[in-house]
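Reviewing the structure listed below.
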Amino acid sequence: MDILNINTGLLPIKAHFFLYYAANSPINPFLSTIAKQRGYSSSVFGNILTLLLLLTIVVKPLTGYITDRWKCRRTVFLCAILLNGLITPTLYLIPGATSSTGELSNAETFGSLQFWWFAAVVILRMILFMIGEVLQETICIKILDGDTEKFGKQRLWGAAGWGIMSMVAGAAIDWYSSGLTQKNHLPGYLISASSFLIDFIVVLNLKVPETSGPTTNILKDVKIVLKNAKVCVFLVWATAGGMFMAYICYYFIWYVDDLATIYHPERMSMLSLIAGLSLTIDCFGGEVPFFYLSGHLIKRTGHMTAFSISFAMFALRFLLYSVIRDPLWVLPVEMLNGITFGLSYIAGISYSAKIAPVGCEGTVQGLFSMAFLGIGLSLLFYFLDSIYLSKTIQNLSHIILKNVNLTK
C-alpha cells in the first residue's frame with residue numbers, strides 16, 4: 001500500500017535501521033575514549049578489539065549458517081536486540097581501575113578484575129551487534145525480493161539514526177559532564193538502552209522472512225561459490241576495505257582527542273560535540289546521499305569498479321587526516337565517508353546477494369561481513385599490536401607466577 005508514493009510496507013524495516021544504529025551510535029564510536037578514561041592504553045584496547053574481531057570471523061558466518069539451516073532468523077534477531085539493550089547500560093556500572101601514574105601498565109591492567117569485567121561486556125555487546133547486522137541485511141534483502149538497488153534506500157535510515165543520535169549523545173555528554181575532569185557517558189547509555197528497547201518492539205511487529213529454499217546443501221553450495229576466482233578476489237578486496245575502516249571506526253575519536261590534547265587544548269571542553277558532529281557529517285553528508293544513489297552508481301560502474309573508487313578515496317581521506325592539527329578541521333573531511341565506507345559497503349552487500357545460492361543468503365552475507373568487518377580489522381590490529389605482544393606475554397607470565405607464589 002502506497003500513500004504519497006511512500007511504500008508503507010517498508011516502514012518497519014526503515015524504522016528498525018534508524019533505531020538500531022541510533023542505539024549503537026552513543027556507544028560504539030566512544031568505546032576507545034571510554035577505555036582511555038579508565039586508564040587502559042591504546043595497545044590494551046587494541047588487544048580487546050583483536051580478540052573481538054577474531055571472534056567476528058566465526059560469529060558472522062556461523063550466524064548466517066545457523067539461521068539459514070534452522071530457519072530461526074526472527075528468534076535470533078529479537079534476542080540479539082533485547083540482550084544488547086539490557087547489557088549495554090552495565091558498562092556504566094563497572095568501576096574504573098586506578099593508577100598513581102594515570103595510565104595503567106599492562107601488568108596492572110591484566111591483573112585488574114574491573115578490566116576483565118569491562119572487556120567481557122564490550123565483547124559480548126559487540127558480538128550481539130554483529131549478529132544483528134548480519135541478520136538485518138539478509139532480512140532486508142529478502143523483504144525487497146532480492147532487489148539490491150533498493151537496499152541502499154532502506155539502509156540510509158540507519159545512517160540517519162547514527163548521525164542524529166551521535167550528535168545528540170555527544171552534546172548531552174558534554175552538557176552532563178560540565179565542570180567534571182572526565183566525560184560522564186551516562187546520557188549515552190540511557191539513549192542506547194531506550195533505542196534498543198523501542199527497536200525490539202518494532203521488530204516484534206516486523207515480518208521476518210525465513211529461508212525458503214532447501215537447507216541440506218548449504219555448505220556444498222557455498223563451496224561452489226568460493227571456487228569462483230572473481231568471488232575470491234571480491235573477498236580479498238573486502239578484507240582490505242575492512243583494514244581501512246578499522247582505523248576510522250576504532251581510533252578516529254582517540255586521534256581527535258590527541259589532536260586537541262597536543263595542539264588545541266581549548267577544544268577539550270567541546271570534544272564530545274566535535275566527535276558527535278563528525279559522525280553526523282559522516283552520515284548525512286556522506287552515507288545518506290551515497291546509500292540513496294548507490295543502486296544507480298553500482299549499476300553503471302559495476303561492483304569491482306565501485307570498490308576501486310572507494311579505495312582511492314580512502315587514500316585521500318587518510319592523507320588529509322595526516323596534515324590536520326585543529327580537531328575542527330576533521331569535520332569537512334568526514335564528507336568523504338559516503339564514497340569510502342558507504343559505496344564499498346553497499347557494493348559488498350549487493351554483490352553478496354547477487355552471488356548467493358537460494359537458501360544460502362544469510363551464510364554468504366556472513367562471509368562478506370567476516371571479510372569486511374572481521375578478517376580485515378583483525379589483520380590490522382595484529383600488525384598494530386605485534387610490537388606489544390612479547391611484552392604482554394611477559395606481563396601475563398609475571399601475574400601467573402606471582403599468583404602461584406601467593407598460593408604456596
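Read the figures in this text as sums done on the coordinates, not as results from a lab. Predicted model only: the values in this text are computed from it and were never measured. Neighbour counts run over all protein chains shown; Cβ positions are idealised from the backbone, glycine included.
Overview of results
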{"read-out": "Cα Rg over Rh - segment 250-363, Kirkwood", "value": "1.09"}
{"read-out": "Cβ-Cβ FRET estimate between ALA312 and TYR255, R0 fixed at 35 Å, reported to 0.05", "value": "0.95"}
{"read-out": "Compactness of segment 168-286 as Cα Rg over 2.2 N^0.38 Å, two decimals", "value": "1.60"}
{"read-out": "Linear extension gain, ILE262 paired with MET304, 0.36 nm per residue minus alpha-carbon span", "value": "11.1 nm"}
{"read-out": "Label-point gap, in nm, between ALA120 and ALA107 - each point 7 angstrom along Cα→Cβ", "value": "2.5 nm"}
{"read-out": "Residue pairs, from the table LYS142/LYS227; LYS60/LYS183; LYS60/LYS142; LYS150/LYS299; LYS142/LYS354; LYS71/LYS150, whose Cα atoms sit over 22 Å apart", "value": "LYS142/LYS227; LYS60/LYS183; LYS71/LYS150"}
{"read-out": "Under 14 Å, Cβ to Cβ, from LEU31 - net charge with Lys/Arg +1 and Asp/Glu -1", "value": "+3"}
{"read-out": "Inter-part distance where segment 143-217 and segment 41-71 are each reduced to a Cα centre, Å", "value": "19 Å"}
{"read-out": "Rounded FRET efficiency, nearest 0.05, which uses the C-beta distance separating THR75 from TYR292 and R0 of 56 Å", "value": "0.95"}
{"read-out": "Surface/4 estimate of mean projected area, convex hull on alpha-carbon atoms of the chain, nm²", "value": "21.7 nm²"}
{"read-out": "Residues with amide H under 5 Å from that of ASN184, placed H, sequence gap 5 or more", "value": "SER177"}
{"read-out": "Principal-axis tilt of helix 11-24 within the chain, Cα atoms, nearest 10 degrees", "value": "10 degrees"}
{"read-out": "Charge-dipole axis of segment 33-142 as Lys and Arg at +1 and Asp and Glu at -1 on Cβ define it, positive-most pick from GLN37, LEU54, SER112", "value": "LEU54"}
{"read-out": "Per-residue ³J(HN,Hα) for segment 70-80, Karplus 6.51 cos²θ - 1.76 cosθ + 1.60, θ = phi - 60°, Hz, x for Gly and Pro", "value": "10, 6, 10, 4, 4, 5, 5, 4, 5, 5, 4"}
{"read-out": "Where only alpha carbons of segment 105-196 are counted, the Rg and the Dmax (Å)", "value": "18.2, 53"}
{"read-out": "The chain, relative contact order [Cα under 8 Å, separation at least 6], %", "value": "30 percent"}
{"read-out": "Spin-label model distance (nm) - LYS223 vs LEU197, 7 Å beyond Cα toward Cβ", "value": "4.8 nm"}
{"read-out": "Cα long-axis angle, helix 288-301 against the chain (0 to 90 degrees, to the nearest 10)", "value": "50 degrees"}
